[in-house]
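Step one of this worksheet: look at the structure below.
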Amino acid sequence: MFNGLHERKSAAPRMTPRRMFARSATVVAVLALARVAVADDGGFSTTVLADEGDDGRATSSVTKAELERRLPRSTPDALRFEPGVFIQQTAHGQASAYLRGLTGQQTVLVFDDVRLNTSTWRQGPNQYAFTLDSWAVSSLEVVRGGASTRLGSDALGGAIIAHARQAPASDGGVWLLPAAFVRGTSADQEAGARVELEGVAGPIAFIGGVGARQVGLLESSGPLVAPADVPRFADDGRTQLGTGFKEVTADGRVTWRPTTSDEVTLAAQVYRQFDSPRTDQCPPAFARADECLRYLEQFRTLSWLSWKRAHEGLLAKTRVAVSWQRQHELREGVRPASFVRSTGRDVVDTFGLNVGLVTRGFEPFAGAHLRVEAGLDSWLDVVDSVAFIEFTDLGVVRAQPRGQYVSGSSSWLGGVFIDSALELPLPQGAVLVRGGARLGWASLVSPGEAAPSTLGGESVRAAWAPFAARLGVEWKPTSLVSLFVNGDRSFRAPNLDDLTSRQQTGPGFQFENAALRPESALGVEVGAALRTTWLSLEAWGFQTWLFDAVVRAPRDVAQCPPASPQCAASWQRFQLINADGASQLRGVEASSRVRLPLGFTARAAVSWAWGQGSDGVPLSRVPPANGHVELAWRHAVGFTGAAVLRWAARQDRLAIADLSDPRIPLGGTPGYAVVDLRASLRLPPFVLSLVFENLADAPWRAHGSSVNGAARGLHFLLGVQPGR
């Protein structure tokens, strides 16, 4: 599926439909670039092509105002009301977004053009989106469907793009404004606070803040089924053990605008989470209540330096950015009855380079309007991983032969891409043709263990040259209606987690497979949108074929790798393999918004996805049908109130790994319906937001989660935010 090499040559590939689509998209992109190269300066058009954020794709966004009203517990939680997005929680301090049935390493997370995915992101849900502080975000954008053309490896299901808060405009003056906020919840006794500062001194502007919160045990409305294996409950039958955490955050951004055309930004974001249990392993199903796997430290540090320039002429904008990210994780697993404490520490340093160019819209020929974007990105990961085992009755600590990963492993991903949008007038309306292509690279090196065996631990050297492309057509028969057809080819190169890791997952112990091939996805979507001043409707249908999909295959004790006693002790063992044939995902997504008289607004969204492997077995943890209905009222004085019904149907289409996963009740996850009330008031300089959660106190759980949803409770935010 990839035009690349994995340490050996292959026969010439057949001209399959997927290869024909990829080459056709390349031709479109190359022709667009040729038009840019030969156009003269007199060919500019004042016609406004579609906004840069309008990609003709299935997208949605969450604004800062909506974050303030929704009071999400985390950045992933802020996406809970977006069409086509389903939020799973492996632990109270972890959350992962499913996009069109895929999550984790099969989706991409981006913050201010910096890729946050690393080579140790695991299959299925992971905790890393939780480490993106929602306070540092100005808005969130969700791209549903393959997005590798622009964003590279991993974007099979889509992307979550977080936009950073910007420093204020430099007005030549000198001023400084502080702000302070406190927030809390009743269901988990959260107590948090944040202080912020923004200001300007001539051409230099600053914005930043620090925050902290402490979160206690989460109270739910009781178990979904009895008895419940995961989560484990306290004696009251409502308080969930293995929940709660502590958190400290900080972010800052300094922007220097030496000219009206140039902007230099130095920014950093720090996230520190402490003492966060993994709920499904604290305690594990069927284990003693005092056994627990806990993330003592879940840290992320990100810093970046960028330069932007606005140009006159054909080239409109240039952006160059360099970044450094450190992902640090310290785990501790205790089994008091066995007098054993296991610890592991993994550190991933990522060095990034990102270059982007955007042209102005211009006329390549009479009546047509074209804009082109091109870019280069490069991401280098370096991994340090160690593990220890302590026999507490003897006071003896021994270093393990290897950590969850092999220290000294590295991964280098990147690529170059071109993307274009061409608008063609019609006698009635207009047609927009969008197309692009990416040629990427992926190279991974792992030194292997000191004493490898035939069961694993050998050194790994792998390289591929993956290819991505997209082609879409949008027809606008009128200014109010748009019809879409899009095709996309995306890819995911195997990462160090796939090729080298050994770890305890929800279904059981999982170990590496150094012979994995890249995954690729061929997706087709059709959509329609109606937008008027009072009504907005949007609907999408999609079909995705996954080739060489990485799935879990059961293994017996004899196949466990050496120096991994957890493998033999686990109730189930799995190894990652490439599935034969094509797995499929299909579904529909629809959303609407209606502006009603007297300041009322009604919104609704519904999503449904269906997944099946090439063997005819359902794909793991595909979300059930779900959606929400909201009725809101806004008053000119700054008050907003809303009632929201969020729901999900039962999910009983289970994969083999799901059947052994104690997070999923026997027979599947029950459906739910939860009602929330929201109220917010902004009377400068004061801000007050309230959310009354789960009014009916209904037991509920998102499919595949380890924790049940919160019981009836209250969220609040109180802030003082002076304006100039």
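Overview of values
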| read-out | value |
| --- | --- |
| Subset of region 495-519 that is within 24 Å of the chain's Cα centre (by Cα) and among the polar types (S, T, N, Q) - its residue that is surrounded by the fewest Cβ atoms within 10 Å (Cβ to Cβ) | GLN503 |
| Selection status of GLU312, surrounded by fewer than 16 Cβ atoms within 10 Å (Cβ to Cβ), acidic (Asp, Glu) and either in a loop (DSSP other than H, G, I, E, B) or touching a residue at least 12 places away in the same chain (Cβ under 8 Å) (or both) | yes |
| Unique match (being among the aliphatic types (A, V, I, L, M), buried (at least 24 other Cβ atoms within 10 Å of the Cβ) and either free of Cβ contacts under 8 Å to residues at least 40 places away in the same chain or within 22 Å of ALA609 (Cβ to Cβ) (or both)) among ALA201, ALA129, ALA169 | ALA129 |
| Whichever residue in region 553-568 is in a loop (DSSP other than H, G, I, E, B) and of a type outside the set (S, T, N, Q) and, among such residues, is surrounded by the fewest Cβ atoms within 10 Å (Cβ to Cβ) | ASP556 |
| Conditions (1) loosely packed, with under 14 Cβ neighbours inside 10 Å; (2) touching a residue at least 60 places away in the same chain (Cβ under 8 Å); (3) of a type in the set (A, V, I, L, M, F, W, C); number of the one not met by VAL174 | (2) |
| Unmet criterion (only one of (1) modelled with pLDDT under 95; (2) under 22 Å from TYR128 (Cα atoms)) for ALA287 | (2) |
| Tally of residues being assigned to a strand (DSSP E or B) and touching an Asp or Glu at 6+ places or on another chain (Cβ under 9 Å) across region 569-581 | 4 |
| Residues (in a loop (DSSP other than H, G, I, E, B) and of a type in the set (A, V, I, L, M)) located in region 488-514 | ALA493, ALA514 |
| Pair list, Cβ under 6 Å, 6 or more apart: region 624-635 residue free of Cβ contacts under 8 Å to residues at least 60 places away in the same chain, other residue among the hydroxyl-bearing types (Ser, Thr, Tyr) and surrounded by fewer than 18 Cβ atoms within 10 Å (Cβ to Cβ) | ALA632/THR601 |
| Residue within region 69-76 that is touching a residue at least 12 places away in the same chain (Cβ under 8 Å), surrounded by fewer than 20 Cβ atoms within 10 Å (Cβ to Cβ), aliphatic (A, V, I, L, M) and not in a strand (DSSP E or B) present | no |
| Positions within region 109-150 being in a strand (DSSP E or B) and of a type outside the set (Phe, Trp, Tyr), in sequence order | LEU109, VAL110, VAL114, ARG115, VAL137, SER138, SER139, LEU140, GLU141, VAL142, VAL143, ARG144 |
| Residue list for region 535-552, restricted to those being at pLDDT below 95 and either part of a strand (DSSP E or B) or touching a His at 6+ places or on another chain (Cβ under 8 Å) (or both) | VAL550, VAL551, ARG552 |
| Subset of region 208-234 that is modelled with pLDDT of 95 or more and charged (D, E, K, R) - its residue that is nearest to PRO665 (Cα to Cα) | GLU219 |
| Top-ranked residue of region 325-379 - restricted to ones that are under 30 Å from VAL406 (Cα atoms) and of a type in the set (Val, Ile, Thr), ranked as surrounded by the fewest Cβ atoms within 10 Å (Cβ to Cβ) | VAL340 |
| Selected residue [β-branched (Val, Ile, Thr), surrounded by fewer than 23 Cβ atoms within 10 Å (Cβ to Cβ) and farther than 21 Å from VAL108 by Cα] from VAL524, VAL481 | VAL481 |
| In region 381-417, residue surrounded by the most Cβ atoms within 10 Å (Cβ to Cβ) [restricted to those that are more than 13 Å from SER501 (Cα to Cα) and aromatic (Phe, Trp, Tyr)] | PHE417 |
| Any hit, region 279-290, residues being buried (at least 18 other Cβ atoms within 10 Å of the Cβ) and within 30 Å of ILE207 (Cβ to Cβ) | no |
| Failed condition for TYR271, given (1) free of Cβ contacts under 8 Å to residues at least 12 places away in the same chain; (2) touching a helix residue (DSSP H, G or I) at 6+ places or on another chain (Cβ under 6 Å) | (1) |
| The listed residue being over 30 Å from ASP229 (Cβ atoms), part of a loop (DSSP other than H, G, I, E, B) and touching a Gly at 6+ places or on another chain (Cβ under 8 Å), out of PRO258, PRO364 | PRO364 |
| Candidate set from region 285-298 (those that are touching a residue at least 60 places away in the same chain (Cβ under 8 Å) and in a strand (DSSP E or B)); member that is farthest from ASP229 (Cα to Cα) | GLN298 |
| Which numbered condition LYS246 misses (of (1) of a type outside the set (A, V, I, L, M, F, W, C); (2) under 22 Å from ALA234 (Cα atoms); (3) crowded, with 17+ Cβ neighbours inside 10 Å; (4) at pLDDT 95 or above) | (3) |
| Residues that are part of a loop (DSSP other than H, G, I, E, B), touching a Lys or Arg at 6+ places or on another chain (Cβ under 9 Å) and farther than 19 Å from GLY211 by Cβ, drawn from region 169-191 | ALA169, SER170, SER186, ALA187 |
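The values are calculated or read from the model by the stated rules, or taken from the named source; none is laboratory data. None of these values were measured; they are calculated from a predicted model. Please note: Cβ atoms are built from the backbone with ideal geometry, for glycine as well, and neighbour counts cover all protein chains shown.
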